[in-house]
1. In region B:120-152, how many residues are more than 14 Å from chain A (Cβ to nearest Cβ), within 25 Å of the chain's Cα centre (by Cα) and at negative phi?
2. What are the residues in region B:17-59 that are of a type in the set (D, E, K, R) and away from ligand 2 (no atom under 14 Å from the Cβ), if any?
3. For region B:68-83, does any single residue satisfy the condition of being out of contact with any strand residue (DSSP E or B) (no Cβ under 7 Å at 6 or more places or on another chain), within 16 Å of ligand 2 (Cβ to nearest atom) and open to solvent by 20 Å² or more (accessible area, probe 1.4 Å)?
4. When you check A:E199 against the structure, is it assigned to a helix (DSSP H, G or I), touching a residue at least 60 places away in the same chain (Cβ under 8 Å) and among the acidic types (D, E), yes or no?
5. Can B:E36 be described as away from ligand 1 (no atom under 16 Å from the Cβ), more than 30 Å from B:P224 (Cα to Cα) and out of contact with any Leu (no Cβ under 8 Å at 6 or more places or on another chain)?
6. B:A128 is checked against (1) open to solvent by 60 Å² or more (accessible area, probe 1.4 Å); (2) touching a helix residue (DSSP H, G or I) at 6+ places or on another chain (Cβ under 7 Å) and fails just one. What number does that condition carry?
7. Look through A:G162, A:G108, A:G98 and report the one residue that is under 19 Å from the mean Cα position of the chain (by Cα) and without any contact (Cβ under 8 Å) to a residue 24 or more places away in the chain.
8. Please enumerate the residues belonging to region B:63-91 that are without any contact (Cβ under 8 Å) to a residue 12 or more places away in the chain and at the interface with another protein chain (Cβ under 7 Å from one of its Cβ atoms).
Amino acid sequence: MPDMVIEIGAPVAAPLAPAGSHRAAVRTALLRLRGPALGLLTIALALLAWDLLTTYRVSFHIRFLNVPTPASVLASASHAFSDPDFSYNLLISCRRIGTGFLAATALGVPLGLTMGRWRLLRDALLPLFEIVRPIPAIAWVPMSIMLWPSNEESIVFITFLGSFFPILLNTLMGMGQVDPVLVRAARCLGAKEVSIFREVLLPAVLPQVFTGLAVGMGVAWVSLIAAEMIAGQFGIGYFTWEAYSLVQYPDIVLGMVCIGALGLGSSALIRLVGWLVMPWGRLAGGRPK
Amino acid sequence: MNSASPRGRIDVAGFGLRFGQTTAVSDISLHVKPGEFVSLIGPSGCGKSTVLNAVAGFLTPTAGRVLVDSEPVRGPSADRGMVFQQYSLFPWKTVRENVEFGLKMQGMGKSERLATARTLLSVAGLHAFENHYPEQLSGGMKQRVGIVRALATGPRVLLLDEPFGALDAQTRMIMQELLLDLWEGLKISVLFVTHDIDEAIFLSDRIYVVTAAPGRIKAELTVPLPRPRAAGMSETADFHHLRGRLLELIREESLRAMGNEVAAQSGRRAGLDLADAIGAARL
Ligand SMILES: Nc1ncnc2c1ncn2[C@@H]1O[C@H](COP(=O)(O)OP(=O)(O)OP(=O)(O)O)[C@@H](O)[C@H]1O
Ligand SMILES: [Mg+2]
């Protein structure tokens with residue numbers, strides 16, 4: 001999952017070294033590097049294991065017979081990136097994610113805000129959402145194909161569904177945590193309902209909105225890839241599944257790596273936007289986390 | 001209304017408020033004359049905040065009337081500024097943006113807003129902090145910004161609900177002096193809720209003592225100290241006399257709030273029994 005970032009090892013605080021203590025400075029520098037170095041080492045070991053297992057075609061219940069070697073994946077990558085069809089597949093997937101995710105945001109955030117503010121709307125809609133929500137977006141694939149006139153629309157719809165609920169529910173949950181005294185203060189200062197939404201409620205729930213966006217983006221990718229594999233024409237999920245059907249095994253791994261990279265990139269983008277729009281939230285650290 | 005006449009008169013007449021079954025306030029009548037500084041003091045839970053919230057327009061009376069300048073209060077308005085006990089600055093706005101908020105709601109232009117906010121902030125000694133976020137301020141500074149923000153729109157009435165309750169004694173004193181300076185400069189009416197007797201005397205023209213819940217007015221006292229007030233006045237005979245009377249009135253009500261009149265007589269006895277019990281347990 002692209003939204004699960006596990007921090008390995010807390011940053012090591014620099015011990016207070018006396019001025020000019022060269023050895024202490026070197027020690028601190030080494031300690032700082034220890035974390036990243038360990039991480040790189042593990043990655044290198046995993047690559048090495050992959051290489052050995054596939055080069056020697058190991059088979060012990062799990063079979064590496066047909067798994068491509070790192071070198072063959074690299075070769076197919078260099079070929080694919082000069083192939084316009086491959087770029088088109090990436091582009092299509094990004095477009096689908098973009099459309100579905102933006103639609104989910106455009107609908108989920110305002111709906112979460114209004115449902116949080118007006119009890120009547122919440123009482124009316126929440127039970128329905130609670131029933132629909134546990135159905136995974138992938139389970140909607142056949143229904144979606146029936147509902148929408150084109151394949152393209154049905155895939156975007158699946159992506160939308162996947163991200164809609166996390167965004168809506170996180171926004172709604174954030175609304176429950178807004179300090180009511182802030183709303184009262186705003187009203188005392190002459191704020192009317194629209195201003196209360198824009199100036200108080202929206203900024204107050206932004207942290208939870210961005211949590212929802214990060215989770216929603218992860219689910220959107222899961223849903224998109226599954227939908228493309230089942231119902232797709234074009235797209236990186238479709239490419240990956242096609243590679244299996246056409247016995248072009250290196251392309252499977254290439255597709256997987258691309259999906260991972262896109263997921264990572266899109267959640268980094270969300271964190272960056274969050275960092276930019278919430279300057280008050282970065283007083284202590286001063287860096288996106 | 002004649003525009004030349006002073007504004008900011010508060011009239012609360014026979015005000016009562018029930019939350020479902022519980023009666024928070026049963027029958028409160030009080031008034032604040034234009035430009036007057038009036039405090040409300042009483043035991044915890046007696047309904048002081050309820051009165052203030054009704055004047056602010058957050059609560060509709062279930063009995064009686066709440067009038068500001070002879071008009072019944074219908075919902076909150078920038079005419080009545082409020083400072084809350086909890087810090088209520090918008091965490092996502094800088095100090096200056098917080099102060100500008102009310103002006104923005106009035107539709108004032110950006111540059112005019114900026115100039116007004118800057119002037120107010122420097123009067124309150126906060127100009128160096130205009131670009132800080134509330135999280136970066138001490139409690140006293142936050143409350144200072146809260147007061148400036150409430151005053152920025154030029155309200156007729158300022159309502160303060162135990163604004164300095166969370167501050168240390170030193171900061172409290174400074175804040176009280178600042179509040180008096182602002183009040184004297186702006187000539188607006190102030191209704192101030194506190195449970196600190198010295199604070200009420202030091203600040204007020206008049207003090208209302210509220211009974212234990214459900215609240216009623218128990219006493220109304222005029223503070224005979226001259227203006228401007230100075231810190232040394234707490235050593236005067238007038239101050240001592242008033243403090244003694246208030247202490248007595250509030251003690252009665254606080255004991256009533258904790259139990260009933262019987263507790264007032266047996267409180268000391270119970271304390272001694274407890275001391276005996278602890279002594280016995282030690283043996
Ligand atoms: N929303 C509410 N629902 C039910 N009861 C309430 C509500 N708000 C206040 N009360 C009750 O009304 C009474 C008066 O409350 P209020 O907050 O006005 O007291 P207070 O004098 O301001 O107390 P404190 O000094 O602790 O701030 C209390 O007994 C309280 O429990
Ligand atoms: Mg209160």
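1. 10
2. The initial filter retains those residues of region B:17-59 that are of a type in the set (D, E, K, R), namely B:18, B:27, B:33, B:36, B:48.
B:R18, B:D27, B:K33, B:E36 - these are the residues of region B:17-59 that are of a type in the set (D, E, K, R) and away from ligand 2 (no atom under 14 Å from the Cβ).
3. No, region B:68-83 contains no residue that is out of contact with any strand residue (DSSP E or B) (no Cβ under 7 Å at 6 or more places or on another chain), within 16 Å of ligand 2 (Cβ to nearest atom) and open to solvent by 20 Å² or more (accessible area, probe 1.4 Å).
4. No: the conditions fail for A:E199.
5. no
6. (2)
7. Working: A:G162 fails: without any contact (Cβ under 8 Å) to a residue 24 or more places away in the chain; A:G108 fails: without any contact (Cβ under 8 Å) to a residue 24 or more places away in the chain.
On inspection, the qualifying residue turns out to be A:G98.
8. Applying the first criterion (without any contact (Cβ under 8 Å) to a residue 12 or more places away in the chain) to region B:63-91 yields B:71-72, B:86.
Correct list: B:Q86 only.
The values are calculated or read from the model by the stated rules, or taken from the named source; none is laboratory data. Here the structure is a predicted model, which means the values were calculated and not measured. Methodologically, a virtual Cβ is constructed for each residue, glycine included, from the backbone with ideal geometry; neighbour enumeration extends over all protein chains shown. SASA here: full protein model, heavy atoms, side chains in, ligands and nucleic acids out. Shrake-Rupley method; radii C 1.70, N 1.55, O 1.52, S 1.80 Å.
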